[in-house]
Amino acid sequence: MENIALIESFSEFKDDKFIDRVTLMSILEDVFRNALKKKFGSDDNFDIIINPDKGDLEIWRNRIVVGDGEVEDDNQEISLTAARKIEPDFEVGEDVSEEVKLIDLGRRSILALRQNLISKIHEHDNTNIYKQFKELEGEIYTAEVHHIRHRAIIMLDDEGNEIILPKDRQIPSDFFRKGENVRGVIESVELKGNKPSIIMSRTSPLFLEKLFESEIPEVFDGLISVKKVVRIPGEKAKVAVDSYDDRIDPVGACVGMKGSRIHGIVRELGNENIDVINYTNNIQLYITRALSPAKVTSIKMNEEDGRAEVMLRPEEVSKAIGRGGFNIRLAGQLTGYEIDVFREGVEEDVELTEFSDEIDSWIIEEFSKIGLDTAKSILEQDSADLVKRTDLEEETVNEVMRILKSEFED
């Protein structure tokens, strides 16, 4: 293969990958020097002259002239007789520069050189993609569904970059077809080997926060700040917002007239129920707002333990807990407090932990997950409903209710 033909093939990569001239020359020189090291043992005495724009490539080997029979290193030294074949007036001790043709490297070396070049350019390309998407971490991105697998959706953006949306980063109600555009937040970017792995998420709280930024002008402009977002993807979310301008109602601005502003976000998230609340440094008021739509009668704080005992009228308890315990769980995550619900005017109740000698701790934990921490809070529930809301078997739920009933009968 002639030098010019090889260089022309390099230019194809340059056009395809948009590699700047300086970078291409650096990659070319690095590849050639590796080939020279393998062929001659060292590349220190070689000059490589590259002009990729014209397709020019020259390799010159520099050696010192020594007397005949005194050559100890073929790569660094040349005999006087051999030097005078190049130019008849060379003398011992002078430097000789001799051009090395690619064909002199051997066909195998040339093929290996080309493969090495392809690898280096792809590595450079992948490094640029990695840097590009690393800067996009935490930002909303759109890509087209290319292939649907059991554990992930493989997508391509407009430049052909591969984006992965794993199953556990998809909203449960998500259903996409090939060719469909999907929005999500770039969650992580890693180099696996030399290939960038770009992970998208639609379940991250950050995705919801960024949707607020993109869909609500006051949030985008910084007039309203999103303080915290907590989600149970596809089910329910709570978003605490604040305004730096007293004239702006942050909740009203985010929700819009009859929910007009937030409707698009809800639809994007598979009809996820979104509660937008006013942020406040008053923790009792914050908890009260977080438990919306329930109306709280009073709150007793225990800041050392990070717990809050909330008193409500009996008809408000189910609202505070919410379907599947979602409301109270998200309220706790939003405020950072463990929230215990008590019914106003109800006779003495017993904490579920008091039954730890009869009921396994993991069973107590299952009830706690859906906001049921006392004996009466469980006894007021339908056993069939409890089976649906927890990971407990019907026999286990019935046995727990029997134990709790006996406590009050005694």
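Consider the range 203-222 and keep the residues that are part of a helix (DSSP H, G or I) and among the aliphatic types (A, V, I, L, M). The one that is nearest to Val251 (Cα to Cα) is Val219. A count restricted to the range 239-267 and to residues that are under 18 Å from Ser292 (Cα atoms), open to solvent by 30 Å² or more (accessible area, probe 1.4 Å) and not in a helix (DSSP H, G or I) stands at 2. Which of the residues spanning the range 81-100 are open to solvent by 50 Å² or more (accessible area, probe 1.4 Å), out of contact with any helix residue (DSSP H, G or I) (no Cβ under 7 Å at 6 or more places or on another chain) and either more than 12 Å from Asn62 (Cα to Cα) or aliphatic (A, V, I, L, M) (or both)? Passing the criteria: Thr81, Arg84, Lys85, Ile86, Glu87, Pro88, Asp89, Glu91, Gly93.
Could you check the range 383-410 and list, in sequence order, the residues that are part of a loop (DSSP other than H, G, I, E, B) and open to solvent by less than 20 Å² (accessible area, probe 1.4 Å)? If the condition is that a residue be part of a loop (DSSP other than H, G, I, E, B) and open to solvent by less than 20 Å² (accessible area, probe 1.4 Å), then Thr390, Leu392 are the ones that fit.
Could you go through the range 164-186 and let me know if any residue there is modelled with pLDDT under 90 and open to solvent by less than 70 Å² (accessible area, probe 1.4 Å). The answer is no; no qualifying residue exists. Of all residues in the range 223-238, those satisfying the criterion of being touching a helix residue (DSSP H, G or I) at 6+ places or on another chain (Cβ under 7 Å) and in a strand (DSSP E or B) are Ile224, Val226, Lys228, Val229, Val230, Arg231, Ile232, Lys236, Ala237, Lys238. If you go through the range 387-404 and keep only what is of a type in the set (Ser, Thr, Tyr) and at pLDDT below 90, you end up with just Thr390. Do you know which residues across the range 352-382 are of a type in the set (S, T, N, Q) and open to solvent by 20 Å² or more (accessible area, probe 1.4 Å)? Thr353, Ser356, Ser361, Ser368, Gln381 - these are the residues of the range 352-382 that are of a type in the set (S, T, N, Q) and open to solvent by 20 Å² or more (accessible area, probe 1.4 Å). So which of Ile103, Ile64, Ile78 ends up being hydrophobic (A, V, I, L, M, F, W, C), over 19 Å from the mean Cα position of the chain (by Cα), open to solvent by 50 Å² or more (accessible area, probe 1.4 Å) and at pLDDT 85 or above? From the options Ile103, Ile64, Ile78, the qualifying one is Ile64.
Each row is one residue, and each column tells you yes or no for (1) out of contact with any Phe, Trp or Tyr (no Cβ under 6 Å at 6 or more places or on another chain); (2) open to solvent by less than 40 Å² (accessible area, probe 1.4 Å).
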{"residue": "Ile274", "(1), (2)": "yes, yes"}
{"residue": "Tyr279", "(1), (2)": "yes, no"}
{"residue": "Thr288", "(1), (2)": "yes, no"}
{"residue": "Ile299", "(1), (2)": "yes, yes"}
{"residue": "Asn302", "(1), (2)": "yes, no"}
{"residue": "Leu312", "(1), (2)": "yes, yes"}
{"residue": "Thr335", "(1), (2)": "no, yes"}
{"residue": "Asp340", "(1), (2)": "yes, yes"}
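When the criteria are applied in full, Ile110 fails the requirement of being surrounded by 18 or more Cβ atoms within 10 Å (Cβ to Cβ), outside any strand (DSSP E or B) and modelled with pLDDT under 75.
Across the range 253-274, the qualifying residues are those that are in contact (Cβ under 8 Å) with a residue 12 or more places away in the chain and out of contact with any helix residue (DSSP H, G or I) (no Cβ under 8 Å at 6 or more places or on another chain), and the one among them that is nearest to Ile321 (Cα to Cα) is Asn271.
Taking the range 187-204 as the range and being farther than 30 Å from Thr335 by Cα and surrounded by 15 or more Cβ atoms within 10 Å (Cβ to Cβ) as the test, the residues that pass are Val189, Pro196, Ser197, Ile198. The residues on offer are Phe207, Phe220, and the sole one that is open to solvent by less than 30 Å² (accessible area, probe 1.4 Å) and either at negative phi or without any contact (Cβ under 8 Å) to a residue 40 or more places away in the chain (or both) is Phe207. If the condition is being over 16 Å from Asn271 (Cα atoms) and in contact with a Lys or Arg (Cβ under 6 Å, 6 or more places away or on another chain), then the range 217-257 contributes Ala240, Asp242.
The values are calculated or read from the model by the stated rules, or taken from the named source; none is laboratory data. Note that this is a predicted model, so its numbers are computed, not measured. Using ideal geometry, Cβ is built from the backbone for each residue, glycine included, and neighbour counts are taken over all protein chains shown. We work out accessible area using only protein heavy atoms, side chains counted, and drop any ligands, DNA or RNA first. Shrake-Rupley method; radii C 1.70, N 1.55, O 1.52, S 1.80 Å.
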